[in-house]
Amino acid sequence: MAADEPIPVFTIVQDAHPIPTIAAREAVRYAQLADHYTSLFGHPPTHIARAPGRVNIIGEHIDYALFGVFPMAVEQDVLIACGPNTQPGDQTKYGEVKARNTLPKYEPREFVPTLIADTQVTSTENHTINISEDPALSKNVQWHMDIDKTQLRWESYVKAGYYGVLKKFFNPNLRSSQDPQIMPKPVDILVTGSVPAGSGLSSSAAMVVASTLAFLAVNDKLTVPDRSGHNRTLTKGELVEMAVENEKRVGVNSGGMDQAASVTSLPTSALYISFFPFFSVENVALPITQITPRAVFVCANSLVVSDKVVGAKTRYNLRVVETLVAARVLARSLLSSSSSPSSQALQALLTNPHNRKFTLREVLSAYLGINEIKGHKEPALSVESVKKGLEELVREVGRLKARVLRGEKEFVSPSPHEEENDEDEGVMLEEMVKSSGFEEDEFREVYLSWVDVEATHFHLYKRTKHVLTESLRVLQFRETCLAFSSSLSSSSPSHPNPEHLLTTLGNLMTTSHTSCSHLYTCSHPSLDTLTSLALRSGAYGSRLTGAGWGGCTISLVREDEVGRFVRGLREGYEPYKGMGDEEFEGAVFVSRPGSGAFVFKIE
Ligand code: NG1
Ligand code: MG
């Protein structure tokens, strides 16, 4: 399985013809970066870490509810050239980082990780000590990295990747002044990137994955001893896990989609990534490339920044909280409705003191009477059972009208009129606490203590409906791809119909956009304009991609129609008018699956 595979590490022999596995244009880029690095730092890099951005084909805002998503890596990526700073006589401190970026707007940064120890006196304040100044520290210290969560700073992503490496591989309580080997090396890095920031293509995940890889590589931590004492390379799954944790340090409580896509993509397929009960990746070939004429995905940047740190972070984290609270409220309302097939599993979920913040995906298992446990491989529902279960649960939520989710205190049989009405005024905090069954203190501790959210109304019903239907669309999309690919094989009795394939996939994408816009309220007028324009310009389907509120759209277009389609956008979308060709090509581009993260070792 992809997640169990080792992280690819390639070796470049310097001066020989570099990097045989990548296109010539790319090889020049790597060589230029290495030269630039050498001229800046006076020594060549030892490694170049590379991580791509990603585009999500379908499955928005469901990864943190632990439902599977369907992204692919894009060709645009982040490269980090890195190497230890070992200049003789240098006053450089252990672990110090000199970080440079090829883009002039990102200023040079230097930072040193510090150790925080409880002074173990009466004071409750933390005492920060620079490790190189005081090697004889007290025990029970931990790494500290100053990451500014209140504003977007480019080096925060570098720091976040670094911190994870320190935490996992450098136990500061084992350090000793006699053994500097166990201390992190001083590192010089030069970052360059082609993923547009704030566009929903996950420049952040590309930065964090590349940074995590760079610090692993420079500190010789890409290989670790296994149980029998032999060395093995870290797996892609381990890197994803680290990168997800690392990105949370920048302040967004994201799911794991972006990091997983950046690490595990292959140039031949999209990915079906599932998170529950355990992380797994399935490579799903895209049949749109196997038909004649072929079809492609076209990304179009709305040029409205999908703001993560100030605006979007609050909105994003608010959605995380809403879906978590919704999970509890839904579990309670399913339990109280007689049609639930498994009250025992729901009861167990609701009363487990070790898992108070469970997700909608966990509610689905319980609803199906299965007691799946995070991290355990057994018992696990098959993808087909999840799909069937979702279909039932969507109907059940419609029937229940999940009135408690809407803040109405009692369950009342819905009228047919209500069935069609997805409007939901939202509930106030007080009502939400009540329908969770918690006392306010416990509610705040479980759902609000770890996150900064500001809202007067919480839309539990709409968010639930989006998450469940969107998760179902992902599975329908996956199934359509798999069925078509297998029908292409000669042994299959059914006749593949390309037009039907494109219409089915396109409709799923467009419905996804409508749901994001109306139920999840994560669209933007510009994204709505762009998706409608896309449909009018010949796309089979079009939707926002990524967190939304700005950023890119993705559209499914026949390859022989791309010219007409792109002209349609250029002439119809106000911000594209008057743009030069080069700028426009950076904003609207065909996106094919790219390969996942790797490290080049320069010898
Ligand atoms: P983007 O837009 O790439 O930041 C965010 C989350 C994903 C996922 C999507 C919505 C981060 C780092 N990533 O993606 O995990 O939840 O929104 O589907 O916040
Ligand atoms: Mg991001």
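For Asn497, no residue has an amide H sitting under 5 Å from its own, ignoring neighbours fewer than 5 places away on the same chain, with H placed 1.01 Å from N.
Distance between the modelled labels on Lys248 and His354, one decimal in nanometres: 1.7 nm (7 Å Cα→Cβ projection). Our coupling estimate for segment 431-443, obtained by passing each phi through the Karplus curve with A = 6.51, B = -1.76, C = 1.60 and θ = phi - 60°, is 5, 5, 4, 4, 6, 7, x, 8, 6, 4, 4, 5, 4 Hz, Gly and Pro reported as x. The C-alpha atoms of segment 425-556 occupy a region whose extents along the principal axes are 62, 35, 24 Å, arranged from largest to smallest.
Among the listed pairs Lys167/Lys434; Lys465/Lys577; Lys93/Lys149; Lys168/Lys374, those whose Cα-Cα separation exceeds 29 Å are Lys167/Lys434; Lys465/Lys577.
The alpha-carbon atoms of segment 239-315, seen along their principal axes, cover 45, 35, 18 angstrom, with the largest extent given first. One quarter of the convex hull surface built on the alpha carbon atoms of segment 479-548 amounts to 5.4 nm², the projected area averaged over directions. Calculated on C-alpha atoms, the gyration radius of segment 488-598 divided by its Kirkwood radius gives an Rg/Rh of 1.03. Converting the Cα gyration tensor eigenvalues of segment 516-565 into ellipsoid dimensions via √(5λ) gives semi-axes, longest first, of 21, 9, 8 Å. Here the residues Ile288, Ile147, ranked from fewest to most Cβ neighbours within 10 Å of their Cβ, fall in the order Ile147, Ile288. Here, segment 25-106 yields an orientationally averaged convex hull projection of 8.4 nm² when only Cα atoms define the hull. Take each peptide in 267-274, 436-443, 222-229, 208-215, count the other Cβ atoms within 10 Å of every residue, and average; sorted highest first, the result is 208-215, 267-274, 436-443, 222-229. The Cα center of segment 457-487 and the Cα center of segment 199-251 differ in position by 29 Å.
When the pairs Lys98/Lys185; Lys357/Lys377; Lys159/Lys185; Lys159/Lys221 are compared against a 19 Å limit on Cα-Cα distance, Lys357/Lys377 fall above it. Put simply, the Cα atoms of segment 182-254 extend 45, 27, 20 Å along their principal axes, the longest span coming first.
Just so you know, all these numbers are worked out from the coordinates, no wet-lab data involved. Bear in mind that the values here come from a model prediction, so they are computed numbers and not experimental data. Heads up, the Cβs are rebuilt from the backbone with ideal geometry, glycines too, and the neighbour counts pull from every protein chain shown.
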